[in-house]
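Input: a single structure, listed below in structure tokens.
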Amino acid sequence: MRFLVIFLALVLPNIAVAENLRAVISDFSANVVFMRHALAPGYGDPADFKIDDCTTQRNLDHQGQRQAREIGQTLRKERIVFDRILSSEWCRCKDTAEELGLGEWESFSGLNSFFQGYVDRAETLAQLEKNLASLSPDGLVLMVTHQVVINAVTGVSVASGGIVLYNTSTGQSRHIGTLTN
């Protein structure tokens with residue numbers, strides 16, 4: 001019984017927020033939606049990692065592809081339109097951006113993972129901070145990235161497919177969770 005109560009406490013807020021996500025974004029004055037890439041089994045990347053070779057990376061599986069499509073469906077259902085969609089250069093993030101089906105997206109190295117040191121943490125965050133500082137408070141940008149990047153900016157750790165709203169004017173964030181059942 002205790003497990004069921006804990007499970008419901010974790011899941012129900014996500015379902016309720018998903019039903020009103022557009023209002024939550026507006027009320028919070030979020031101009032950035034950070035999203036962690038969808039499910040990609042494993043931990044980190046292989047030792048032979050190459051940024052331009054997806055066969056050397058941890059990638060989305062069928063469940064991750066389905067998760068990304070479901071999140072995209074929820075965002076379309078909520079009529080959430082992004083002015084711009086940016087993705088880390090890692091294949092699992094680019095594949096997530098594609099599977100969302102929300103329109104054109106582009107790679108941005110300021111969203112790359114510094115978890116295993118394949119890119120420099122300070123340089124990556126400096127690029128991202130410059131980008132965030134340039135954003136209009138009235139727009140809405142989706143940034144598909146990694147847990148370490150989201151945590152570095154917002155202080156929030158998210159599961160695969162997890163979403164965090166961010167207001168660049170106030171520096172405040174709001175954890176939404178995942179938009180899938």
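Identify, from the list V158, V153, V164, V141, the residue that is within 17 Å of L60 (Cα to Cα) and among the hydrophobic types (A, V, I, L, M, F, W, C).
V158
For the range 99-136, what are the residues that are surrounded by fewer than 17 Cβ atoms within 10 Å (Cβ to Cβ) and under 15 Å from F82 (Cβ atoms)?
G101, G103, E104, E106, S136
Considering only the range 154-174, state which residues are surrounded by fewer than 20 Cβ atoms within 10 Å (Cβ to Cβ) and assigned to a loop (DSSP other than H, G, I, E, B).
Scanning the range 154-174 gives G155, V156, S157, A159, S169, T170, G171.
Checking T145 against (1) more than 15 Å from S87 (Cβ to Cβ); (2) in contact with a strand residue (DSSP E or B) (Cβ under 8 Å, 6 or more places away or on another chain): exactly one of these is not met. Which one?
Here T145 meets the rest and fails (1).
Restricting to the range 41-68, name every residue that is part of a loop (DSSP other than H, G, I, E, B), among the aliphatic types (A, V, I, L, M) and touching a residue at least 60 places away in the same chain (Cβ under 8 Å).
Once the filter is applied, which keeps residues that are part of a loop (DSSP other than H, G, I, E, B), among the aliphatic types (A, V, I, L, M) and touching a residue at least 60 places away in the same chain (Cβ under 8 Å), the range 41-68 yields only I51.
For the range 112-145, which residues satisfy the criterion of being within 16 Å of the chain's Cα centre (by Cα), among the hydrophobic types (A, V, I, L, M, F, W, C) and closer than 21 Å to T170 by Cβ?
Hits for the range 112-145 are L125, L128, L132, L140, V141, L142, M143.
Among the residues of the range 69-91 satisfying the criterion of being of a type in the set (A, V, I, L, M) and not in a strand (DSSP E or B), which is farthest from V141 (Cα to Cα)?
Only one residue tops the list, namely I71.
Condition test on A18, is it in contact with a helix residue (DSSP H, G or I) (Cβ under 7 Å, 6 or more places away or on another chain) and modelled with pLDDT of 95 or more?
no
Given the conditions (1) of a type outside the set (S, T, Y); (2) over 11 Å from L102 (Cβ atoms); (3) touching a helix residue (DSSP H, G or I) at 6+ places or on another chain (Cβ under 8 Å), which single one is not true for D52?
Condition not satisfied by D52: (3).
Which one of these is without any contact (Cβ under 8 Å) to a residue 24 or more places away in the chain, among the charged types (D, E, K, R), part of a helix (DSSP H, G or I) and at negative phi: E123, E99, E104?
It is E123.
The values are calculated or read from the model by the stated rules, or taken from the named source; none is laboratory data. Computed from a prediction, not measured in an experiment: that's the story for all the values here. As a convention, Cβ positions derive from the backbone with ideal geometry for all residues, glycine included, and neighbour counts pool all protein chains shown.
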